[in-house]
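The values are calculated or read from the model by the stated rules, or taken from the named source; none is laboratory data. The structure displayed is predicted, hence computed values, not measured ones. Reconstructed Cβ throughout: ideal geometry from the backbone, glycine too, with neighbour counts over all protein chains shown. Just the protein is used for accessible areas: all its heavy atoms, side chains included, with ligands, DNA and RNA removed. Shrake-Rupley method; radii C 1.70, N 1.55, O 1.52, S 1.80 Å.
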Amino acid sequence: SMREKIIVIVLAAAMAFLNAGCGGSSSDNTSGSDQSFTISWDANREAVVNSPGGGYRVEYSSDPAFSQVKSKSVFYDESSSSLATSTMLTIPAGSAKGTVYVRVKAFSLLNNGSLSEASAATSVEVK
């Protein structure tokens, strides 16, 4: 099955990557890259994800087993004219470098903040 489920949150496993260069060619920065990257993923259509308290958590790591994880959340934006939570997030330059593994989870605070099963992880090269 390509879909994983927990409570009422379903997250499609397919994700697409767009690499967005941030310019700059200095390689002095050892902690991270001078390149940002943007992740987009298939929307979760569950109402609880696309309403206040809902959203996605994007987890990324240099380890394919995600033993050390950084994460950023995308929350439903009540001021937006969109009826859905955004399915795109830019990880800023300096956050990661080399092969970065990324996965997405959907969540809803209505379900005690529980997270869906993670999507399939996808890797991206960050220079």
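Residues checked against (1) in contact with a His (Cβ under 7 Å, 6 or more places away or on another chain); (2) within 19 Å of A118 (Cβ to Cβ); (3) at pLDDT 85 or above; (4) open to solvent by 60 Å² or more (accessible area, probe 1.4 Å):
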residue	(1), (2), (3), (4)
I9	no, yes, no, no
A13	no, yes, no, no
G23	no, no, no, no
V48	no, yes, yes, no
S61	no, yes, yes, no
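Yes/no matrix, rows are residues, columns are (1) surrounded by fewer than 18 Cβ atoms within 10 Å (Cβ to Cβ); (2) in contact (Cβ under 8 Å) with a residue 12 or more places away in the chain; (3) closer than 12 Å to S40 by Cα:
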| site | (1), (2), (3) |
| --- | --- |
| V69 | yes, no, no |
| E78 | yes, yes, no |
| A84 | yes, yes, no |
| M88 | yes, yes, yes |
| P92 | yes, yes, no |
| G98 | yes, yes, no |
| V102 | no, yes, yes |
| L109 | yes, yes, no |
Out of the residues in region 35-67 that are in contact (Cβ under 8 Å) with a residue 60 or more places away in the chain and part of a strand (DSSP E or B), which is farthest from S108 (Cα to Cα)?
F37
So, S86, is that one part of a loop (DSSP other than H, G, I, E, B) and under 13 Å from the mean Cα position of the chain (by Cα) or not?
yes
